[in-house]
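Single-structure report; data block below.
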Amino acid sequence: MEDDAPVIYGLEFQARALTAQTAETDAIRFLVGTQSLKFDNQIHIIDFDDENNIINKNVLLHRAGEIWHIGASPADKAVLTTCYNKSESRCFLLSRLRSLPLRSSDSRVVSCAAVWRMPSDWETGSNESPDDSAHNPQTLELLCHLDDGAHSNAACVLWEPMGDGKRVISLADNHALLWDLQESSTQATVSSSATLEGKGQLKFTSGKWSPHHNCSQLATANDTAIRGWDLRSMSQIYCIENAHGQLVRDLDFNPNRQYYLASCGDDCKVKFWDVRNVQEPVKTLEEHSHWVWSVRYNHSHDQLVLTASSDSRLILSNMVSISSEPFGHLVDDEELSEGEENHHEDKGKEPLQDSVVSTFEEHEDSVYAAEWSSADPWLFASLSYDGRLVINRVPRALKYRILL
Amino acid sequence: MESSRKRRVHGMLKLYYGMNEEGKAAEQAKSLDPCDINGPHFDHEVFLNKLRRECSLAELMDQETCMVKQIRSLDSDMQTLVYENYNKFISATDTIRKMKNDFKKMEDEMDGLSANMAAITDFSASISGTLQDQHAQITKLSGVHTLLRKLQFLFELPARLNKCLELQAFAQAVRSHRRARCVLQQYSHLPSFKGIQDDCHAIMDKLAQELRQKFRDGGSSAKDLSECVELLLQLDEPAEELCDKFLSHARSRLELELQALEAEITPCPSASAVKDPPARRLPSAAAAGSPTDNLPKTGATPSPTSNTDILEFIDRGCNEFVSSLCLVITSYQELFITHAQTGELASKNIPQMASAKLNAFVDDLAARYFSLVERRIQEEKGVGDNSLLVRALDRFHRRLQAVTKLLPGSAVAHRGTEIVMRAATERVKQYLSALQSFYMDSLTDVRQALATPRLAGASGPGGGAHFGGAAASGRDAPTSLPELLSSLSASILNQIKSVLASVHLFTAKDITFSNKPYFKGEFCSQGVRESLVVNFIKFVCQSSRQFCDNAGDKGGSTPPALLLLLSRLCLDYETSTITYILTLTDEQFLVQHHSPVTPVTTLCAEAREAAQKLLNHYVKVQGLIISQMLRKSVETRDWVNTIEPRNVRAVMKRVVEDTTSIDVQVGLLYEEGVRKAHSSDSSKRTFSVYSSSRQQARYAASYTPSAPMDTNLLSNIHKLFSERIDIFSSVEFNKVSVITGIIKISLKTFLECVRLRTFGRFGLQQIQVDCHYLQMYLWRFVSDENLVHFLLDEIVGSSAHRCLDPAPMEQSVIEVICERG
């Protein structure tokens, strides 16, 4: 049985931001944010029809600026957050008009974060005439800015996992801000914040809100260190110094094992940590030949780990030894009682080893983001800088092996 | 004729007298014929009738004349016979007569003789009758005499014994007592004998007491002692007890020696206090002992120098303990085993018992001695002079042969060999660790040597200063990489050789234990080859790999030059050194591959793997250093508000300088490697390619809203035709490949950093200038210059994308700026 060919979708613009629509559990849907300095940026809503292998796209305008990070609300399908760069060249122009010196320091690029709502009828509009939508796309409705005036340069915004869509954390420079969204997310107030202190200009590069411990923990990355925070006290609970040889690019929590954490970085490695013992990683993968930008656990089968790298490759690994379902645990008692034959077959199978399942080479440029679908656990999307979105599946052989 | 006739005559006479009986049957047929004139039944009537009837007259006449003739001859014959026989008869008659006279005379003489004999018989009977009484008396008297003498001996025995006792003539006393013992035993029911016996017993007890005392005192010489034991044995002293006593006595002496030995092992101050009493006791023991013993030496050397070397120690052990032990064994065997076998004691199973005791005794003491020796050997940590140890072990082993010869069943020799084996194995281990530490030390030296010129030439631009510095400092600083490499590998090789030479002593021909199967086989193959040489090579590879692993994260702890050096070292090992070392080992030790040994190929593969890993790591570290520079330069600048480019940024110059110095550094150790062929006007082509890419960049920068896809399309088409670039990939063992790897890493970092920034117009222009500058200098280092072009194009293209106001600089201006430097 051959695996289905990957489905490729090309965006007009360069893009880095990709997320699955977390609240959507029926349709396979991904959101992609573009990066363009000259044109209005867009959010592409990519619907994938699994049966027909067809992609449907809808475009929403994101006029505020180029999108560096995108996050979908876990509760409301229509709500999402973006981190975007706003270039304040207008000020620059104004200053020129005022015939101020050319080397004005007014011109700058600011990173902001905001909560948006998709217009309610985006779906219907697109279905009628897809061509129109390209020419006359609808615009995102701004709900609120995640801006308290004191902190800027948001690196990413994290929704509370499996929450009610009321709490988000934004990482801005060396601050982690916990926001409460009120009145249908139209108003955001900072409920608490944590600040990373130390020598030099510290800056959070990435973070992840842990789904465990009643969502009271956060992990952040800055430079080569990974830190854990308790959100109730906003204090640091652990710190993995020199987690990677160079910059840590991304983190992900094992969805089923509360102390397990995956990280990746510029040393081309993917490391798996047990945060109770931060001296040594539990496991290290060195499959990529350049920086690893993204690491994602499969939501249901945490042995499946997806990594995206600027060597233009996407690698799917099967980390059986540190997964929550070691080989054989899936066999229920009922199945056991079915008969001897099954039992023998099970025994005949060799236990799966930690291994690279497959390397996907459909991308031509650096892959900065990869995401599992929230609806289909066997499907994932990856996005490379040249705007190519590729939707792939877990190879069937492995899928059946995990399921049966 | 005469004789035949005579016989015929005899025959006829015989017939006549009827003497021929045997011929009867044959003659009967003939004789029945009445016509046979010679037959007995001849009938002259029949014969005549027959003649007359049958014969003619003439015939009758002839018959008649023949007959007459025969009759006449017969007559004369008869006359002759009669005459002859008559004479004989006459002489016979004469003889008989004479005999008759002689016999008569002889009968008379015989009568006289018998009369005389009767007289003699009478006389002798009368004499013996008279002498009978006296003879009996004399016999009785002589019996009494001997008995009396015996009795006298018995009665005198106590006194004599006493005297012997006084005179210390124990042997005589025992001999006397032995003679009397049976008698006394037999007649002990008689009160007088009983008394004597009791007396004797008392005296002998005393004597035995005294002997035992003497025995116990131990002061006596071996000869005395053996005499003592012999006497005691003869006194029916229980042999077992004697054995025990003898052995315990010997033990006490040997233990003193062991203590002296032990005192030498533990030279700590507390031990010296303990050591004193035995040392004080020793002289007395030695003085009491016979001078033939080797004891005096013990007394003479109470080890003033606490730390004697091992040879001296073993020597002392051999001379004192082992030789004493041998002596004890000899005398013991003589006393209890050889001696007992001949005597009546053999029946009591004494030899078996005695030899069992002896074995236990020897084993016990030897075990203690061995433990001492082992402790002492373990103290030999230093690997300085192996010959000393080998000689000591040899002596140790050789001296044990004597014990074995004396005591063939003993396990002493076997255990001794085991100790030697353990010592040898231990020694090999020590050599391995010494080699390892030597290797680590030389690495430290290399590290220091590498660090020194860097400090000196820190101010100058990298490679030039490094090189120039080395040249300027001249001979006293031989720190250039090839020299370091050759000195390092030479010193390691020398060290290995010297270690092999040292270890080789164990198998030298004149060493007694070298012909043991262990030393011939296992020691060579497992001990030397595997655990020494192979392990060392493995260690080298492993420690090299560790440089990659633990230093991998920060890359700072190990100087890159060291990585490069080690990589080359490992590669050299792979190509030649390992084979050389192993061949050398195999030749020197005549390794016979009984057991499976690590093949050369495995080691070579390991070395190659290590070399590869080190070189990869070197590329990574160097790439990282340059990457960090580039990244900092991109991240820290405000690219939106930068000024119009006037110069190439300093960091780019630094990148080129560093690359050049790395190139020089790698070039010192690795070959040039294969480069894709350049055309003769390589630099020009470079420019043309670059300018085309620049045009692309310009195009990309000025794309119109109507065709936003085009840039991507162009770049994608470009990528379709170029191979995918693996950034942190394995490099080959040559300079070009290494430098290409480093440049790849650096430029890719540059690209990724650029993509994360936003540029103003001048920012883009600055990047253009920088890239052009890199282009001008970097192409010559790499194997495929298109690679550099491609990456630089990507950088310029990406920065154009990230530019708010993409207005590229004129190519001519860029060139001017770059040429100005």
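Structure summary
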| quantity | calculated |
| --- | --- |
| Any hit, the range B:628-645, residues being over 18 Å from residue B:730 (Cα atoms), in a loop (DSSP other than H, G, I, E, B) and among the basic types (Lys, Arg) | yes |
| Hits in the range B:596-644 - residues which are away from chain A (no Cβ under 11 Å) and farther than 30 Å from residue B:540 by Cβ | B:629, B:630, B:632, B:633, B:634, B:637 |
| Members of the range B:599-633 found to be surrounded by fewer than 23 Cβ atoms within 10 Å (Cβ to Cβ) and among the basic types (Lys, Arg), listed by number | B:608, B:613, B:631, B:632 |
| Selection from the range A:183-211 of residues that are part of a strand (DSSP E or B) and under 23 Å from residue A:21 (Cβ atoms) | A:188, A:206, A:207, A:208, A:209 |
| Count of residues meeting criterion [within 13 Å of chain B (Cβ to nearest Cβ), polar (S, T, N, Q) and under 18 Å from the mean Cα position of the chain (by Cα)] in the range A:358-378 | 1 |
| Filter result for the condition that a residue is buried (at least 23 other Cβ atoms within 10 Å of the Cβ) and among the hydroxyl-bearing types (Ser, Thr, Tyr), over A:224, A:284, A:205, A:220 | A:220 |
| Criterion: surrounded by fewer than 19 Cβ atoms within 10 Å (Cβ to Cβ), modelled with pLDDT of 75 or more, of a type in the set (D, E, K, R) and under 46 Å from the mean Cα position of the chain (by Cα) - qualifying residue of B:244, B:224 | B:244 |
| Test: residue in the range A:39-53 that is touching a residue at least 60 places away in the same chain (Cβ under 8 Å), out of contact with any Cys (no Cβ under 8 Å at 6 or more places or on another chain), among the charged types (D, E, K, R) and more than 10 Å from chain B (Cβ to nearest Cβ) | yes |
| Set B:707, B:677, B:701: member being surrounded by 20 or more Cβ atoms within 10 Å (Cβ to Cβ) and modelled with pLDDT under 85 | B:701 |
| Lone unmet requirement of (1) within 12 Å of chain A (Cβ to nearest Cβ); (2) touching a residue at least 60 places away in the same chain (Cβ under 8 Å) for residue B:802 | (2) |
| Enumeration of residues in the range A:379-389 that are in contact with a His (Cβ under 8 Å, 6 or more places away or on another chain) and away from chain B (no Cβ under 14 Å) | A:382 |
| From the options A:35, A:21, residue that is within 12 Å of chain B (Cβ to nearest Cβ) and crowded, with 18+ Cβ neighbours inside 10 Å | A:35 |
| Complete set of residues in the range A:3-18 that are within 13 Å of chain B (Cβ to nearest Cβ) and either closer than 20 Å to residue A:156 by Cβ or outside any strand (DSSP E or B) (or both) | A:11, A:12, A:13, A:14, A:15, A:16 |
| Filter result for residue A:220 (at pLDDT 90 or above and polar (S, T, N, Q)) | yes |
| Residues within the range A:242-278 that are touching a helix residue (DSSP H, G or I) at 6+ places or on another chain (Cβ under 8 Å), within 14 Å of another protein chain (Cβ to nearest Cβ) and of a type in the set (Ser, Thr, Tyr), tallied | 0 |
| Extreme residue, modelled with the lowest pLDDT, among residues of the range B:27-57 that are farther than 17 Å from residue B:67 by Cα and among the small types (Gly, Ala, Ser) | B:29 |
| Pairs with Cβ under 8 Å, 6+ apart, first in the range B:750-763 and within 19 Å of residue A:84 (Cα to Cα) and more than 8 Å from every other protein chain (Cβ to nearest Cβ), second outside any helix (DSSP H, G or I) and hydrophobic (A, V, I, L, M, F, W, C) | B:757/B:639; B:759/B:639; B:759/B:640; B:759/B:803; B:759/B:804 |
| All positions within the range A:252-308 that are among the β-branched types (Val, Ile, Thr) and not in a strand (DSSP E or B) | A:275, A:278, A:282 |
| Verdict on residue A:178 being in a strand (DSSP E or B) and in contact with a Gly (Cβ under 7 Å, 6 or more places away or on another chain) | no |
| Scan of the range A:230-267 for residues that are touching a Gly at 6+ places or on another chain (Cβ under 9 Å) and surrounded by 22 or more Cβ atoms within 10 Å (Cβ to Cβ), ordered by number | A:240, A:243, A:244, A:246, A:248, A:249, A:250, A:251, A:261, A:265, A:266, A:267 |
| Residues that are at pLDDT below 75 and more than 21 Å from the chain's Cα centre (by Cα), drawn from the range B:380-412 | B:380, B:381, B:382, B:383, B:384, B:385 |
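The values are calculated or read from the model by the stated rules, or taken from the named source; none is laboratory data. Keep in mind the model is a prediction, meaning the values are calculated, not measured. Cβ atoms come from the backbone with ideal geometry, glycine included; neighbour counts cover every protein chain shown.
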